[in-house]
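**Q** Questions regarding the structure given below will be posed in turn.
The values are calculated or read from the model by the stated rules, or taken from the named source; none is laboratory data. Computed from a prediction, not measured in an experiment: that's the story for all the values here. Here the Cβ is made from the backbone with ideal geometry for all residues, glycine too, and neighbour counts use every protein chain on show. Each accessible area value is taken on the protein alone, full model and side chains, heavy atoms only, with ligands, DNA and RNA left out. Shrake-Rupley method; radii C 1.70, N 1.55, O 1.52, S 1.80 Å.
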Amino acid sequence: MFRFFENLVDPYQPYVEQDAPPTRLWPFLKDYVRPFRGVFMGTGVFSVGNAVLDVGLIWYLGRLVDLMSTQSPEAFLANHWTEILVAALVILIVRPLVAGGSVGLLHNTIMTNFGTMMRWRAHRHVLRQPVGWFESDFAGRIANRIMQAPPAAGEAVFQVFDMAAFAAATFIGALLMLAEADPRLMIPLLLWFAGYVLLMRWTIRRAGPAATASSDARSAVTGRVVDSYTNIHSVKLFATQDSEINYAKEAIETSRKTFQVEMRIVTKMDMALTFLNGLMILGVGGLALWFWVQGSATIGVVAAAMALVLRINSMTYWIMWASTNLAQNLGTLAEGMATIAQPIGLTDKPAAKPLEFRAGLVELKGVSHHYGRGFGGLRDITLTIRPGEKIGIVGRSGAGKSTLVKLMLRFYDTESGAILIDGQNIAEVTQESLRRQIGMVQQDSSLLHRSVRDNILYGRPDATEDMMIAAAKKAEAHDFILTLEDPQGRRGYDAHVGERGVKLSGGQRQRVAIARVILKDAPILILDEATSALDSEAEAAIQGALYGVMEGKTVIAIAHRLSTIAAMDRIVVLDDGQVVEDGPHADLLRQNGLYARFWARQSGGFIGLDEEAAQ
């Protein structure tokens, strides 16, 4: 039975991805609701059926009181045993079936699948965002929104059916039942309903924004806390634990204050509702009693009316709480939409085709990029890297080296000019096909919080075990990998490396990253301080391995340690976002320009960038 309900909707079914999702709530939800339309209709029918049966039981209670008060027990049983049997069967069979259908659709179909589907699609959407998008926000806040918003949407849908449909059917049924007994009994209930609607409107209008603010404050807390945990080495190194505690406390206190505002609204609502319900009980119950005194109502009418208002009294607290939770969940969803519904900032063009790699000719033609600031980055760079050529890139900090790499990988689009690979503008090919042709080793290569095997195979998931081990050996990583063991007892290539590879030393982490790139075997290779985290002996060994990997590839190597790139075919010197020198190592030394000064000022093989920049 459970599988039937759980499998009514596949949360991972194919869908059309949108680069710019709707930013308003209901249009945004429409695509998520579509696969559930049939389920929602069935849930509505069952919810109304539940309400009808509940009101019907109260009505039948009144009928029983009237029948029992006008007949002897023997006559009552003789005349109505069939009716009582039918009522018992309804209570024992029909009511559980209707309730089971409602609960099954709500709990096992909607609750388990709606939030799952939204979280799945939200994660897919966020992963499509460019690198710059992630660099401008806390990873913790992004993750928190993706974790909070989908369940909130599922809860909101649940409450609409569990509360709204049931409450509407109950209220209409109550009106009809009172009208049948005496139409005048409808008056206090209608007056109460008007007050109840006004109170609900007041609550929802305030609870929604308050919930949005509270959810945003919680996300900020998560962002700050995760930021501290992610940078725990810096926290400990600089002995700034107290300042981190205060940094988090500011956000926690803001979260507390926003939650206080939310709870004040709930308390006011609860007090007003208690008073309003008291008026309803006195109004409907007192009027029914007065009619009985006047002889225009039976004892059954009084009993049914009192049972009905007491039922509505207890139900209104649940409805108001559910309405408040609905507003809070919609507020949480609205806050989460600030992340989930953001348009993709960098997309493939509609007619984009996969990059056709032929030789590895890389051309930069008048490329400029300043991150929208009008300064920094690159200025009108024109550069040609021939197929199989190996060039080194050097320059002071801020000269534009990292920007050049990010543009080549199309983490950003150029603001002007174009980058071509084998004559194809990289802005007009698919991003995935572009990045499959480029391998990169960074200065600080972070690893995934998975096994060593998973991290190396990330470069080529279909590689065999032998291919993976061969790559690790080339990167001088195989021997130390065999000695690894994590706290769960996993060893060697199965050992997990911790978040960002924190359980490995810097050199070990870098060797695993190099093994990953070796395994990828991309025809274009970018080395961004690839061996700077290694000791001299390991660097010499891996440098030899890297030179072997470079064979037949187009290579761009960024380095501060000039000795690592002195043997490159050419060295390009960047300064203030422009190419100021270009040529082999020996020629640049003879020019006695900026590169020659870098070389002369080396200490232990590093450029004296800070000293040069200060001058």
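**Q** Those residues that are out of contact with any Ser or Thr (no Cβ under 9 Å at 6 or more places or on another chain), at pLDDT 80 or above and crowded, with 17+ Cβ neighbours inside 10 Å, I need them from segment 530-567; list them, please.
**A** LYS553, THR554, VAL555, ILE556, LEU562, ILE565, ALA566
**Q** Take segment 1-21 and flag every residue that is open to solvent by 40 Å² or more (accessible area, probe 1.4 Å) and more than 19 Å from THR112 (Cβ to Cβ). Even if it seems obvious, please write down each step before you answer.
**A** Applying the first criterion (open to solvent by 40 Å² or more (accessible area, probe 1.4 Å)) to segment 1-21 yields 1-4, 6-8, 10, 12-20.
Once the filter is applied, which keeps residues that are open to solvent by 40 Å² or more (accessible area, probe 1.4 Å) and more than 19 Å from THR112 (Cβ to Cβ), segment 1-21 yields PRO14, VAL16, GLU17, GLN18, ASP19, ALA20.
**Q** Output yes when any residue across segment 505-518 is without any contact (Cβ under 8 Å) to a residue 40 or more places away in the chain, more than 17 Å from VAL405 (Cα to Cα) and part of a loop (DSSP other than H, G, I, E, B), and no when none is.
**A** Checked segment 505-518: at least one residue is without any contact (Cβ under 8 Å) to a residue 40 or more places away in the chain, more than 17 Å from VAL405 (Cα to Cα) and part of a loop (DSSP other than H, G, I, E, B).
**Q** Could I ask something else about it? On the basis of being under 30 Å from VAL225 (Cα atoms), in contact with a helix residue (DSSP H, G or I) (Cβ under 9 Å, 6 or more places away or on another chain) and either surrounded by 16 or more Cβ atoms within 10 Å (Cβ to Cβ) or among the β-branched types (Val, Ile, Thr) (or both), does PHE259 make the cut? Quick ask: steps written out before the conclusion?
**A** Values: under 30 Å from VAL225 (Cα atoms): yes; in contact with a helix residue (DSSP H, G or I) (Cβ under 9 Å, 6 or more places away or on another chain): yes; either surrounded by 16 or more Cβ atoms within 10 Å (Cβ to Cβ) or among the β-branched types (Val, Ile, Thr) (or both): yes.
Judged against the criteria, PHE259 is a match.
**Q** Here is a further query. Here are the criteria: (1) acidic (Asp, Glu); (2) under 24 Å from VAL549 (Cα atoms); (3) at pLDDT 90 or above. Tell me which single one ASP413 does not satisfy.
**A** (2)
**Q** Let me ask something additional. Looking only at segment 568-589, decide whether some residue is within 18 Å of ILE385 (Cβ to Cβ), at pLDDT 90 or above and loosely packed, with under 14 Cβ neighbours inside 10 Å.
**A** Checked against the condition, which is being within 18 Å of ILE385 (Cβ to Cβ), at pLDDT 90 or above and loosely packed, with under 14 Cβ neighbours inside 10 Å, segment 568-589 yields at least one hit.
**Q** Still on this structure: Please verify whether segment 333-342 includes one or more residues that are closer than 27 Å to ARG121 by Cβ, modelled with pLDDT of 85 or more and open to solvent by 20 Å² or more (accessible area, probe 1.4 Å).
**A** yes
**Q** Being under 21 Å from SER136 (Cα atoms), touching a strand residue (DSSP E or B) at 6+ places or on another chain (Cβ under 8 Å) and hydrophobic (A, V, I, L, M, F, W, C) is the filter here; which residues of segment 394-435 pass it?
**A** LEU404, VAL405, LEU407, MET408, LEU409 - these are the residues of segment 394-435 that are under 21 Å from SER136 (Cα atoms), touching a strand residue (DSSP E or B) at 6+ places or on another chain (Cβ under 8 Å) and hydrophobic (A, V, I, L, M, F, W, C).
**Q** Give just the number: which of (1) open to solvent by less than 10 Å² (accessible area, probe 1.4 Å); (2) not in a helix (DSSP H, G or I) does ALA297 not satisfy?
**A** Every listed condition holds for ALA297 apart from (1).
**Q** Does LEU282 meet the test of being modelled with pLDDT of 75 or more and part of a helix (DSSP H, G or I)? Write out each step before concluding.
**A** Details: modelled with pLDDT of 75 or more: yes; part of a helix (DSSP H, G or I): yes.
Yes.
**Q** Give the residue, chosen from ASP216, ASP270, ASP227, that is in contact (Cβ under 8 Å) with a residue 40 or more places away in the chain, part of a helix (DSSP H, G or I), closer than 30 Å to PHE171 by Cβ and not aliphatic (A, V, I, L, M). Please lay out each step first, then the result.
**A** Working: ASP216 fails: closer than 30 Å to PHE171 by Cβ; ASP227 fails: closer than 30 Å to PHE171 by Cβ.
Within the list ASP216, ASP270, ASP227, the selection yields ASP270.
**Q** Quick check on my filter: what residues within segment 301-317 are open to solvent by less than 10 Å² (accessible area, probe 1.4 Å) and aromatic (Phe, Trp, Tyr)?
**A** none
**Q** Open to solvent by 60 Å² or more (accessible area, probe 1.4 Å), in a helix (DSSP H, G or I) and at pLDDT below 85 - does that describe any residue in segment 83-95?
**A** Within segment 83-95, not a single residue is open to solvent by 60 Å² or more (accessible area, probe 1.4 Å), in a helix (DSSP H, G or I) and at pLDDT below 85.
**Q** Look at LEU609 and say whether it is over 28 Å from ALA471 (Cβ atoms), of a type in the set (A, V, I, L, M), buried (at least 16 other Cβ atoms within 10 Å of the Cβ) and modelled with pLDDT of 90 or more.
**A** Details: over 28 Å from ALA471 (Cβ atoms): yes; of a type in the set (A, V, I, L, M): yes; buried (at least 16 other Cβ atoms within 10 Å of the Cβ): yes; modelled with pLDDT of 90 or more: no.
No, not satisfied.
**Q** Can you tell me which of GLY345, GLY374 is within 25 Å of LEU574 (Cβ to Cβ), open to solvent by 20 Å² or more (accessible area, probe 1.4 Å) and either touching a Cys at 6+ places or on another chain (Cβ under 8 Å) or of a type in the set (Gly, Ala, Ser) (or both)?
**A** Details: GLY345 fails: within 25 Å of LEU574 (Cβ to Cβ).
Being within 25 Å of LEU574 (Cβ to Cβ), open to solvent by 20 Å² or more (accessible area, probe 1.4 Å) and either touching a Cys at 6+ places or on another chain (Cβ under 8 Å) or of a type in the set (Gly, Ala, Ser) (or both) holds for just one of GLY345, GLY374, which is GLY374.
**Q** Here's something else I'd like to know. State the number of residues belonging to segment 43-75 that are of a type outside the set (Val, Ile, Thr), out of contact with any Ser or Thr (no Cβ under 9 Å at 6 or more places or on another chain) and in a helix (DSSP H, G or I).
**A** Our first condition is that a residue be of a type outside the set (Val, Ile, Thr); within segment 43-75, this holds for 44, 46-47, 49-51, 53-54, 56-57, 59-64, 66-69, 71-75.
Of the ones still in play, those that are also out of contact with any Ser or Thr (no Cβ under 9 Å at 6 or more places or on another chain) are 44, 53, 56-57, 59-61, 63-64, 67-68, 71-75.
Within this subset, residues satisfying the condition of being in a helix (DSSP H, G or I) are 44, 53, 56-57, 59-61, 63-64, 67-68, 73-75.
Total meeting the criteria: 14.
**Q** With the structure loaded, tell me whether ARG63 is within 28 Å of VAL157 (Cα to Cα) and in contact (Cβ under 8 Å) with a residue 40 or more places away in the chain or whether it fails that test.
**A** Numbers: within 28 Å of VAL157 (Cα to Cα): no; in contact (Cβ under 8 Å) with a residue 40 or more places away in the chain: yes.
In short, no.
**Q** Of everything in segment 444-487 that's of a type in the set (Ser, Thr, Tyr) and open to solvent by 90 Å² or more (accessible area, probe 1.4 Å), which residue is modelled with the lowest pLDDT? Break it down into steps so the answer makes sense when it comes.
**A** To start, the set of residues in segment 444-487 that are of a type in the set (Ser, Thr, Tyr) comprises 445-446, 451, 458, 464, 483.
Subset that is open to solvent by 90 Å² or more (accessible area, probe 1.4 Å): 458, 483.
Details: TYR458: 89, THR483: 92.
Looking at residues that are of a type in the set (Ser, Thr, Tyr) and open to solvent by 90 Å² or more (accessible area, probe 1.4 Å), I get TYR458.
**Q** Follow-up. If ALA251 meets every condition in (1) within 30 Å of SER228 (Cα to Cα); (2) aliphatic (A, V, I, L, M); (3) surrounded by 21 or more Cβ atoms within 10 Å (Cβ to Cβ) apart from one, which number is that one?
**A** Evaluating ALA251 over (1) within 30 Å of SER228 (Cα to Cα); (2) aliphatic (A, V, I, L, M); (3) surrounded by 21 or more Cβ atoms within 10 Å (Cβ to Cβ) leaves (3) as the failure.
**Q** I'm trying to understand the selection: among the residues of segment 39-55, which are of a type in the set (Gly, Ala, Ser) and at pLDDT below 80?
**A** Filtering segment 39-55 for residues of a type in the set (Gly, Ala, Ser) gives 42, 44, 47, 49, 51.
Passing the criteria: only ALA51.
**Q** Tell me, which residue of segment 22-60 that is open to solvent by less than 60 Å² (accessible area, probe 1.4 Å) and among the hydroxyl-bearing types (Ser, Thr, Tyr) is nearest to GLN129 (Cα to Cα)? So that I can check it myself, show each step before the final result.
**A** Applying the first criterion (open to solvent by less than 60 Å² (accessible area, probe 1.4 Å)) to segment 22-60 yields 22, 25, 27-29, 31-33, 35-36, 38-40, 42-44, 47, 49-51, 53-56, 58, 60.
Those still in the list that are among the hydroxyl-bearing types (Ser, Thr, Tyr) too: 32, 43, 47, 60.
Numbers: TYR32: 20, THR43: 36, SER47: 41, TYR60: 60 Å.
In this case the residue turns out to be TYR32.
**Q** Can you tell which of ALA194, ALA153, ALA220, ALA179 is within 21 Å of the chain's Cα centre (by Cα) and open to solvent by 20 Å² or more (accessible area, probe 1.4 Å)?
**A** Values: ALA194 fails: within 21 Å of the chain's Cα centre (by Cα); ALA153 fails: open to solvent by 20 Å² or more (accessible area, probe 1.4 Å); ALA179 fails: within 21 Å of the chain's Cα centre (by Cα).
After applying the criteria, what remains is ALA220.
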